[in-house]
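The values are calculated or read from the model by the stated rules, or taken from the named source; none is laboratory data. This is a predicted model, so every value here is computed, not measured. Cβ atoms come from the backbone with ideal geometry, glycine included; neighbour counts cover every protein chain shown. Accessible surface areas use protein heavy atoms only, side chains included; no ligands, DNA or RNA. Shrake-Rupley method; radii C 1.70, N 1.55, O 1.52, S 1.80 Å.
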Amino acid sequence: MAMLRDDFKYFRSNISCHSLLHVSYNYRCSMSRKLEDCHEIINFFNYFELMYCYLRIDDKLMESFAFFLLLLASVAYLLLMSIVVDHFFTPTVKILALNLRLNEYFAGVTLLAFANSSPDFVANLMPIRKHGALFTCVIGNSLAVLLVCGGMICFLRPFKIDGHSTVQNLLFLVLAIDLLHFLIVSEKKMSRTECSILLCFYVIFLIVNIADLLLIKYTIKKLRSELREQRYADLKQRKKMALLKDLELNDVINYERRKTDKLGKPLEGADDDDYRTYRTILHSPSNSKNRLLFGDLWDSINPYSVFEWKVGNCFRRTVMILKMPLLLLITLFVPVVDYDKYKHGWSKLLNCTQIVTNPFIIITAVHSKFASVYKSWYIDFNTKYSVWSFCLTVPLALIVFFHSRTDMPPRYHFLFITLSACSSLVLIVVCVGEIEILTSIVGVACNLSETFVDITIGSLTNALIDLMANFNLAMQGYEKMVFAAICAGPFFSIVVGLGIPFLFNSHVRKRGSSDWLYGEYGDNCYIFIMLAIWTQLWWCLSLNFHSRRSMGIFSWILYLLFLIYTIAAEFDLVHEFTKDRFFDLQ
């Protein structure tokens with residue numbers, strides 16, 4: 001009996017949760033509750049327990065319908081994450097870049113690259129990927145970002161690329177990929193020292209970019225001083241003036257340069273107004289402090305835009321309808337701080353309520369996830385600590401309400417960016433976790449390998465999220481920041497997005513772990529991403545760093561070839577580039 005108990009314990013701890021899809025329906029409910037892997041990979045919802053214990057699915061037709069609903073749920077999570085990134089996270093990045101006096105390139109390679117890479121970074125930390133082909137997943141995601149998002153920017157907004165920054169970022173990316181490839185393959189495992197080397201590589205990258213930013217500012221200051229001393233406009237002085245003008249264009253992010261809205265339409269008064277004007281444009285000393293209090297609240301939470309509905313086509317209107325309930329739900333507790341909006345997004349009554357609700361919801365979600373107590377198919381939301389936030393937030397909300405006005409944001413409105421950033425990160429973590437689980441379930445149900453799903457559906461999903469945010473920024477005139485983030489985001493995903501998960505994953509330090517880290521599609525992704533990087537360098541040098549629509553079309557064709565080859569390899573029509581593995585049984 002003791003031996004049987006040990007065997008059953010070993011069975012529960014070593015069997016994948018996805019394996020219950022291949023057993024009889026009569027056993028799936030009990031397996032979803034007893035397998036340890038089913039409790040480790042779930043996030044906020046246990047979809048297997050929901051399907052087989054509460055909905056009692058016991059035939060193929062109902063199961064197929066349930067998988068279809070799970071696929072729709074993943075689309076809903078995708079829409080939710082796109083709303084968070086577009087309406088809350090991206091404006092936060094722009095405001096931080098402006099207040100820190102960063103130029104577009106440095107803001108792109110740091111803040112925006114982190115924002116774009118954070119979903120991939122969060123996914124790598126999840127238990128569902130503790131034995132996953134992380135090298136293949138990250139390289140596949142990087143390939144999608146470079147070719148799909150980069151191609152979109154070149155096709156929609158041809159512009160003059162900053163030569164030295166682009167070449168520097170792409171060469172850093174090549175070095176990071178080769179370094180990671182060497183560290184994984186050389187010793188068949190990843191040690192803590194090798195993980196630290198990856199993280200140190202990102203520190204070097206930051207130091208180089210900071211030095212580059214400081215040198216630009218020093219050169220601008222030096223040129224201005226020299227031009228003030230010279231009286232005659234000779235050839236040498238004209239060259240200095242041209243260089244100074246070029247450097248000043250990229251010195252800091254300029255909100256006054258923005259001429260279009262999110263649909264690419266000209267803004268009224270864009271030539272005269274800047275972000276400071278939008279703060280006080282509705283202010284009048286004669287107005288009462290609570291003028292139009294409830295009307296202002298309705299305008300802030302109303303997800304319907306008459307202008308976007310009129311100019312939008314059928315597809316855009318459909319997306320608007322799908323987004324409206326999600327946007328309304330998020331707007332109720334996540335504050336908006338956006339310098340491109342009137343009053344910078346300030347709504348007195350709404351923001352005062354968010355001072356109370358936002359910390360309560362964030363603390364509840366984080367605490368519940370760390371506790372991971374499930375009384376049913378969903379997580380038990382624990383409010384043990386979050387209720388104490390009312391002791392601080394309720395008096396603070398009352399103070400803000402009596403001090404502030406409805407027609408102009410207070411001076412401390414900038415501090416709301418903390419609530420917006422924290423809640424955005426929590427929502428991104430939740431959405432990424434649920435999408436990762438749902439896509440893996442649907443993939444296994446369709447008899448597809450998890451790695452194949454990750455580098456095709458998963459990579460396109462991550463690229464689509466970046467595409468939505470990058471498209472809006474590019475149409476607003478920040479294509480240089482977007483292109484810098486597209487080049488630097490994959491670098492962050494490789495050195496930090498893998499360095500930290502490797503550091504805390506004890507399984508990667510076992511000899512032979514390189515086999516599952518690399519996966520069967522590792523060489524495919526490695527070869528195609530090298531083709532993508534070197535062809536981008538070739539395009540830049542050939543066209544004198546002027547992006548063209550042909551660059552975007554070429555990028556899309558190259559990614560389409562990658563998808564065709566990967567699909568053909570998955571269905572055994574061709575052999576992948578990876579060598580066949582042989583095991584020595586002696």
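Considering the alpha-carbon set of region 490-544 alone, what are its Rg and its Dmax in angstrom?
Cα-based Rg and Dmax for region 490-544 come out at 15.4, 48 Å.
Based solely on its DSSP helices, what 222 nm [θ] is calculated for the chain when runs of n ≥ 4 H residues each add -39,500 (n - 2.57) and the sum is averaged over all residues, nearest 500 deg cm²/dmol?
Values: 26 runs with 377 residues, N = 586.
Calculated from helices alone, the mean residue ellipticity at 222 nm is -21000 deg cm²/dmol.
Dividing the Cα convex hull volume of region 52-96 by residue count, how many Å³ per residue is that?
On the way: hull volume 3.1 nm³, N = 45.
Taking the convex hull of the Cα positions in region 52-96, it is 70 Å³ per residue.
By Kyte-Doolittle mean hydropathy of at least 1.6 and Cα axial length of at least 27 Å, which whole DSSP H helices of the chain are selected? Show your work: numbers first, answer last.
Numbers: long enough: 60-84 (36 Å, 1.99); 163-187 (37 Å, 1.30); 192-229 (56 Å, 0.79); 348-371 (35 Å, 0.82); 416-445 (44 Å, 2.06); 522-542 (30 Å, 0.95); 549-570 (32 Å, 1.37).
Qualifying helices, which must be both long enough and hydrophobic enough, are 60-84, 416-445.
Could you work out the Kirkwood radius for region 164-210, taking every pair of different alpha carbons, averaging 1/r and inverting it, reported in Å? Spell out each step's value before the answer.
On the way: mean 1/r = 0.0873 Å⁻¹.
Kirkwood hydrodynamic radius for region 164-210: 11.5 Å.
Going highest first, how would you order 479-485, 204-210, 491-497, 351-357 by mean Cβ packing within 10 Å? Walk me through the numbers on the way to the answer.
On the way: 479-485: 27.4, 204-210: 14.7, 491-497: 25.4, 351-357: 20.1.
Those peptides, ordered most packed to least, come out 479-485, 491-497, 351-357, 204-210.
Given the chain, report the % of alpha carbon pairs whose separation exceeds 43 Å. Let's see the in-between values first.
Values: 45004 of 171405 pairs.
For the chain, the share of Cα pairs beyond 43 Å comes to 26 percent.
For region 483-586, which GluC sites (Glu not before Pro) are in a loop by DSSP, counting at most 13 other Cβ atoms within 10 Å?
none
Among 84-93, 416-425, how do they line up from the highest to the lowest mean number of other beta-carbon atoms within 10 Å? Before the final figure, lay out each step's value.
Numbers: 84-93: 23.0, 416-425: 19.7.
In descending order of packing, they fall as 84-93, 416-425.
Can you work out the accessible area per residue across region 280-401, with the rest of the protein chains kept in place, probe 1.4 Å, in square angstrom?
Accessible surface, normalised per residue, equals 58 Å².
So how do 27-38, 389-400 stack up, highest first, on mean other-Cβ count within 10 Å? Intermediate results must be reported in sequence, preceding the final value.
Details: 27-38: 18.0, 389-400: 14.1.
Put in order of decreasing packing, that is 27-38, 389-400.
Compute the signed sum of charges (Lys and Arg +1, Asp and Glu -1) over the other residues within less than 10 Å, Cβ to Cβ, of Ala569.
Details: positive: none; negative: Glu520, Glu570, Asp572, Glu576.
Net charge around Ala569: -4.
Considering only protein heavy atoms and a 1.4 Å probe, what is the carbon-and-sulfur percentage of the accessible area of the chain? Kindly include the intermediate steps, with their values, before the conclusion.
Details: 19020 of 28730 Å².
Carbon and sulfur: 66 percent of the exposed surface of the chain.
On full extension of the chain, what length is gained from Tyr342 through Glu40, given 0.36 nm per residue of separation minus the C-alpha to C-alpha distance?
104.2 nm
Over the chain, what relative contact order in percent results from Cα pairs under 8 Å that are six or more residues apart? Intermediate results must be reported in sequence, preceding the final value.
Numbers: 735 pairs, mean separation 202.5, N = 586.
Worked out over the chain, it gives 35 percent.
Using the beta-carbon distance between Trp538 and Phe159 and R0 = 22 Å, what value does 1/(1 + (r/R0)^6) give for FRET efficiency, to the nearest 0.05?
Details: r = 18 Å, r/R0 = 0.84.
The computed FRET efficiency comes out at 0.75.
At q = 0.19, 0.20, 0.23 Å⁻¹, what log₁₀ I(q)/I(0) does a Debye calculation on the Cα points of region 359-431 give, no solvent, two decimals?
Each listed q corresponds, in turn, to -0.89, -0.94, -1.09.
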